[in-house]
Amino acid sequence: MKLKNLELRHFRNYEKINVNFSDGINVLIGNNAQGKTNLLEAIYVLALARSHRTRNNRDLINWKYENAQMKGRVSKAYADTDLELDLDRSGKRAKVNHIEQAKLSSYVGQLNVILFSPEDLSIVKGSPSVRRKFMDMEFGQISGQYLYNLSHYQRILEQRNRYLKQLYYRKAHDRLFLDVLSDQLSAFGAEIIHQRIQLLAGLEKSARQIHWDISLHKEKLKFRYVTALKDKDLTSTNHIYECLRALYKKNRNREIKQRTTILGPHRDDIHFIVNGKNVQTFGSQGQQRTTTLSVKLAEIDLMKSETNEAPILLLDDVLSELDGNRQTHLLKAIQDKVQTFLTTTSLSGITKKLIDNPKVFKISNGKITID
Amino acid sequence: MQYPEPLAKLIDSYMRLPGIGHKTAIRLAYFTVGMNKDDVKNFADALVSTKDKLKFCSICGNLTEEDPCEICRDPNRDRSKILVVEQSKDVMVMEQMKNYKGLYHVLHGVLSPIEGKGPEELNIKSLIKRLQKNESVNEVIIATNATPEGEATAMYLSKLIKPAGIKVTRLAHGLSVGSDIEYADNMTLYRAIKGRTQM
């Protein structure tokens, strides 16, 4: 899919703009604090109806105004779709082809984006919760069922943790009800684990090849889904369900003592293994960067195979973080395949040579001019 | 200027009702002022009598004027089936269907530790007692909502009742009658395929 056109009103430091984009690479160039990242953010918000930079809608609206409006025309294989998102203090309204959507879930997914920013290194370096969030965000965009299972899982988890607390403080006594909550949690947990393993396998397949190429055929990347269950128990949803149930039964007294659910997909993790070693602890900075890049680029392939449409790639100040070899690979991977928006302060040397016919937008103080 | 005290009290009372905000409450209060006195008196009597005259049936927990309730007293009811619902409202909905002739049991809520509702807080004990006393019951139909909490409650009840050798059934989930498949959302279709029946 491609974003053909974007119209913004009162978004961040933009008063009113209307731009047409190229289907290939769009370069947003400008000095610091001119609005490059704001434009990427606008595309991200148009796609997901929320920002990656702030939780507060008010931050997205230009301080001089009460509301902001964003419109985009998305072209897909068979038809064009018009998206519109209106933000004001009380909330947001989303329209697809000029029809207001009652549920945001019927809006999100019309435009698929992948954002790559320097903070993404934390997928490799950060805590397990960052990797879980990464899985949940990516897989949730691909599969509505994943999102459904996840939201039910979280709800039941909350209930179960509360009940464990009540059992600990002897405000509740019924162990049978704890069993019911455990069974319910196991059922949704098993679905989530099974889906994660399947989707990760797809992601790993592409990531391995990309990593192999970037490292000049020296490094083999592998993913390992880390969970309380043994590998041999991960074969089917049913089997995972039975094993989770057994584990909850076994750890019942421990969980009551700790007043919380100590195992399940909300505690799982991924290990990225390069040549047999965990990159998070044993990898060099360079290896960690290569891994992040491989995983992010693999997401494009995964999303394409699951949704039949290539997503849109947003690169926020990423080129400056990568050396020549990695830049080459990144740009080779996206050239002619995905519509890309990248921000940079200067188009110098190697980058310029590598990109064919980029459409360059100069951004200065909330104004855009085409170079 | 402030509202005169009686009016302010009335606005405040209306605002306690679900779905009524400040503006609506003011509108209703001024409307009440304009109503004739008999209508207002009837209205007030109706409100008070919900508290004076209504009680919960000691057998099934449904709202009733007389204890036991009309359904529990009715000799023509099928005493081999008990349908378990979350609220008294649900009994009326089922009755309007006119196709169920068994008995009911009202739980007054669902299991939800977050809201402080455990098995002891619901009307479950009396259901078990009922089943122990009446050997004629051979099926318990659970009609809690299809929410995570409703499901948990259904699972809990079935674990409690099944060991006694009584059949426990759950309402079917899936496509609503008369609806087009093309308008069904993904999760509804998913549940409908999971719960498909052989022809």
5 angstrom amide H check on A:Lys220, placed H, neighbours 5+ away
A:Asn275
Measure nothing but the geometry: give the 0 to 90° angle between the long axis through the Cα atoms of B:22-34 and the longest principal axis through the Cα atoms of chain B, rounded to 10°.
60
Please calculate how many Å² of accessible area the protein assembly as shown carries per residue, with a 1.4 Å probe and no DNA, RNA or ligand atoms counted.
54
Run the 1.4 Å probe and let me know the accessible area of A:Ile99, rounded to the nearest 10 Å².
110
With a 1.4 angstrom probe the carbon and sulfur portion of accessible area for region A:4-72, in percent, totals 40
Which distance in Å, rounded to a whole number, links the C-alpha centroids of region A:112-184 and region B:138-199?
24
Considering only DSSP states other than H, G, I, E and B, which trypsin sites (Lys or Arg not before Pro) in region A:195-300 qualify as loop sites with at most 13 other Cβ atoms within 10 Å?
A:Lys218, A:Lys220, A:Lys230
Over chain B, what relative contact order in percent results from Cα pairs under 8 Å that are six or more residues apart?
13
Nearest-ten-degree value, helix B:37-52 long axis tilted from longest Cα axis of chain B:
40
Dipole-positive endmost among B:Asn62, B:Thr188, B:Leu131 within region B:58-198 (Cβ charges, Cα centre):
B:Leu131
Counting only DSSP beta bridges fully inside region B:58-198, the antiparallel percentage to nearest 5 is 10
Degrees separating the helix B:148-161 axis from the principal Cα axis of chain B, which is the longest one:
50
Debye, to nearest 20: dipole size of region B:1-160, +1 on Lys, Arg Cβ, -1 on Asp, Glu Cβ
80
Given a cut-off of under 8 Å on Cα pairs at least six residues apart, what relative contact order in percent is computed for chain A?
26
Of all chymotrypsin sites (Phe, Trp or Tyr not before Pro) in region A:118-207, which ones are in loop regions per DSSP and have a Cβ with at most 11 other Cβ atoms within 10 Å?
A:Tyr169
Indicate the residues belonging to region B:104-123 that lose 40 Å² or more of solvent-accessible heavy-atom surface (probe 1.4 Å) upon moving from the chain alone to the assembly of all protein chains, ignoring ligands and nucleic acids.
B:Pro113, B:Ile114, B:Glu120
Could you list, in their original order, any pairs among A:Lys71/A:Lys296; B:Lys9/B:Lys51; A:Lys103/B:Lys51 whose Cα atoms are separated by more than 29 Å?
A:Lys103/B:Lys51
Span-like helices, chain A: DSSP H, alpha-carbon axial extent 18 Å or more, mean Kyte-Doolittle 0.0 or greater, which ones?
A:36-48, A:175-214
For region A:26-177, just run the numbers: alpha carbon Rg, then divide by 2.2 N^0.38 Å, N being how many residues it has.
1.34
Average beta-carbon neighbours from other chains, 10 Å sphere, peptide A:169-179
4
Protection-proxy order for peptides A:298-305, B:149-156, each taking the mean of Cβ atoms within 10 Å per residue, highest first:
B:149-156, A:298-305
For B:Val168, other-chain or 5+-apart residues with amide H closer than 5 Å (H placed, Pro excluded) are B:Val140
List the trypsin sites (Lys or Arg not before Pro) within region B:143-199 that fall in a DSSP loop (any state other than H, G, I, E or B) and whose Cβ has at most 16 other Cβ atoms within 10 Å.
B:Arg196
For region A:205-328, which whole-number percentage of the solvent-accessible area (1.4 Å probe, protein heavy atoms only) is attributable to carbon and sulfur atoms?
47
Ranked by how many other beta carbons lie within 10 Å on average, peptides A:327-334, B:22-29 from highest:
A:327-334, B:22-29
Quick one: buried accessible area between A and B, total over both chains, 1.4 angstrom probe, nearest 100 Å²?
2000
How much of the accessible area of region B:5-53, in percent, comes from carbon and sulfur atoms when a 1.4 Å probe is used?
61
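The values are calculated or read from the model by the stated rules, or taken from the named source; none is laboratory data. Everything numeric here is computed off the predicted structure, so don't read it as measured data. Backbone-built Cβ (ideal geometry, glycine too); neighbour counts: all protein chains shown. Surface areas here come from the heavy atoms of the whole protein model, side chains and all, with no ligands, DNA or RNA. Shrake-Rupley method; radii C 1.70, N 1.55, O 1.52, S 1.80 Å.
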